[in-house]
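Take this structure first; my questions come after.
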Amino acid sequence: MAQPMSATARPVGPSEPPLTPLAGMPKRIGREVTMLLMAGVAVFLFQLSIDVALTDTTTSVTYLLPLVWFIVTLCAWAAVKFLAPNADPLFVPIAAFLTGIGIVFIRRLDRTAIREEALPADAGVFAGQGGRQLMYYMAAVVLLTVFLAVVRNHRVLRGYAYILLFAGIALAALPGFLPASISSSGGSKNWIRFGSFSIQPSEFAKLMLLIFFAVYLVRKRDMLSVAGKKILGLQLPRMKDLGPIVIVWAASLLMLIMERDLGTSLLLFSIFLSMLYMATRRASWILIGLTMFIGGCIAIYPFFGHLQTRVAIWSDPWAYVGDPVNDSYQLVEGLVAINTGGLLGTGLGAGNPNRIPAAESDFILAAIGEEAGLIGLIGILLLYAVLVERGFKTGIMSRDLFGKLMAGGLAFLVAFQLFVVFGGVTGLIPMTGQTTQFLAAGGSSLVGSWLLIGLLVRVSDDARKPWQASFGLQKTEAPPEFLAEQAAKRAAEEAAKAQAAGVADSGPIPGGDQPTELIIPGHLQGGPGTGTVEEDVVGPLPGSPPPYSPPGSPPYGPGSTGSPTTERAPQTPPPPPESSYGPASGPGLPTRPAPQSPQRPPQGPPPPPPSVFGTPPPDPYRSPPPSGGDQKKEGGE
């Protein structure tokens, strides 16, 4: 990545050509509206298929739920278009479509609930967990709009780096100091509950800490990029530069110990490690970070039963089904559901995903895989892949290093959290308790996910808008088109000033590749010379007076008694220059013989090449060329 510079600080082009044209990226509002309409039709067909499969009929909710979701989605899109008109056109449609699928499927799980009372078919739009998820979606859109209205430029967040750091640490550590009765869930202490209200503060803490990581790495990038010793072909950093990664590593292990939250601990350390690599481009940081985290987990493994349970269930889930301590029933039911779905699935509303514990949150991907099959899961994963790709592209297009690191970190957060969740559901890695963004039930997860979209939208709007010069501390990198345009403007202004002053231009701008003209005096053209051209030019003219010697100077030459013994050729002082108003005349002045060139036709100097600024005006101070073969160069030769 190129170092951000001011538009006037570096006159040459950037080291990496920016992807944003000078006029900005196209907005593509028509395609965005088309994608929103297609998403609305897909969500309606999803709801219609579920209702027909469950009750063989439709209700008012069949049409009203997709309609309410679509209206909220249009409000989110309008807010983004009004407050960030140049943002990437794919962020809102993809996030809204995933949210709509999650709302419809959570309501479908409420209709066939086993452990709770099933939701009636004619229940209202806001009934059950699906209705609460729709209300969370409304709150998320409101917070997205407020965020975009308050934060009009993502660089403003740099001034609140340490405030966000302390707030993020407080939110992440607070559940660990609270009693287990109001903070524990599934063996992890990562919730805060007060009656019916509950919140998972780590969903917001990771965004705050990510912003601080971006600010810190921008300031310390050069220091962390210094190379240290080279071991086995790997360039390691200096020992004194290991402080930041050691602090984050210790904080992540402390969170794992106090809150028994493997997912959040792994997520925060991985975010910092990925952003550190983006800032320095040194693979040694990744190797050092993975070694430290895996080594720390191995060191504390014998002392924490919660971590031992997760690893035991992951290593052999079938051996612990029904175990009173290490019960793997949830993971086994998830694997069975995915296997039952096969390639095409059992059909929407035709499966039995309620057998999976926490199917609406932790295992919603397994529940969808049972009814939508492998094809449906691949489609959802592709939507996430496009969202991550657009996030990384936003980071590449950003004009400042802070925006690059923040957008890259947010895109990595989406990708890595999806990997952690899907890897735990399929048995690839131990379960971590993380939720699928936009799909899983929970207000904290959904609101945090849409705030993440707000950050990406704000960086994308700045990266895709038409380029303009920076002022103050807003350091950006000038595109090559801007530099070329400024050079053309300066050249045009200089040409206009020269033309206004009456100075003729005889060719392209000085410094070009126009040929130069060699002017030879007339008495040297065609006449018999006594030597080389240089000797004829600097030699004395016929009839010239003897060399001038100042009074009192020692007469150096043959027969002189001065100290120098080397003979010197007589030197002639240069003749007086002729006036531009005509040749000088007077007694005692030598006259120049006329050139003798009868065999050559008279030729004038070649015309100057055409000027790029048009035909120059005539010069009133330049005398017309002499006629005939007599050629003189004014000013004396």
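The values are calculated or read from the model by the stated rules, or taken from the named source; none is laboratory data. What you are looking at is a predicted structure, and each value in this text was computed from that prediction instead of being measured. Virtual Cβ from ideal backbone geometry, glycine too; neighbours counted across all protein chains shown. With ligands, DNA and RNA removed, areas are computed over all heavy atoms of the protein, side chains included. Shrake-Rupley method; radii C 1.70, N 1.55, O 1.52, S 1.80 Å.
So which residues in segment 254-271 are crowded, with 19+ Cβ neighbours inside 10 Å and without any contact (Cβ under 8 Å) to a residue 60 or more places away in the chain, if there are any at all?
Going residue by residue through segment 254-271, those that are crowded, with 19+ Cβ neighbours inside 10 Å are 255-256, 259-271.
Scanning segment 254-271 gives Leu256, Ser265, Phe269.
Moving on to the next point. Can you give me the number of residues within segment 54-89 that are within 32 Å of the chain's Cα centre (by Cα) and assigned to a loop (DSSP other than H, G, I, E, B)?
The qualifying residues number 6.
Let me ask another. Please pick out the residue among Leu83, Leu90, Leu109, Leu119 that is assigned by TED's automatic domain parsing to the domain that holds Leu410, out of contact with any Cys (no Cβ under 8 Å at 6 or more places or on another chain), free of Cβ contacts under 8 Å to residues at least 60 places away in the same chain and of a type outside the set (Gly, Ala, Ser).
Leu119
Just give me the residues in segment 24-81 being among the basic types (Lys, Arg) and open to solvent by 60 Å² or more (accessible area, probe 1.4 Å), in sequence order.
Within segment 24-81, Lys27, Arg28, Arg31 meet the criteria.
Now for a different question. Give me the residue from segment 318-334 that is assigned to a loop (DSSP other than H, G, I, E, B) and loosely packed, with under 13 Cβ neighbours inside 10 Å and, out of that set, modelled with the lowest pLDDT.
Taking segment 318-334 first, the residues assigned to a loop (DSSP other than H, G, I, E, B) are 321-328.
Among the residues that remain, those that are also loosely packed, with under 13 Cβ neighbours inside 10 Å are: 322, 324-325.
On the way: Gly322: 77, Pro324: 67, Val325: 64.
My answer is Val325.
Search segment 292-318 for residues that are within 17 Å of Thr264 (Cα to Cα) and pair each with any residue that is among the charged types (D, E, K, R) and not in a helix (DSSP H, G or I) when their beta-carbon atoms are under 8 Å apart and the residues are at least 6 apart or on different chains.
Phe304/Arg260; His306/Arg260; Leu307/Arg260
While we're here: Please work out if Ile300 is open to solvent by less than 30 Å² (accessible area, probe 1.4 Å), part of a helix (DSSP H, G or I) and touching a Ser or Thr at 6+ places or on another chain (Cβ under 6 Å).
Working: open to solvent by less than 30 Å² (accessible area, probe 1.4 Å): yes; part of a helix (DSSP H, G or I): yes; touching a Ser or Thr at 6+ places or on another chain (Cβ under 6 Å): no.
No: the conditions fail for Ile300.
Right, next: Under the condition of being modelled with pLDDT of 90 or more and among the small types (Gly, Ala, Ser), which residue from segment 28-59 is nearest to Pro89 (Cα to Cα)?
Ala39
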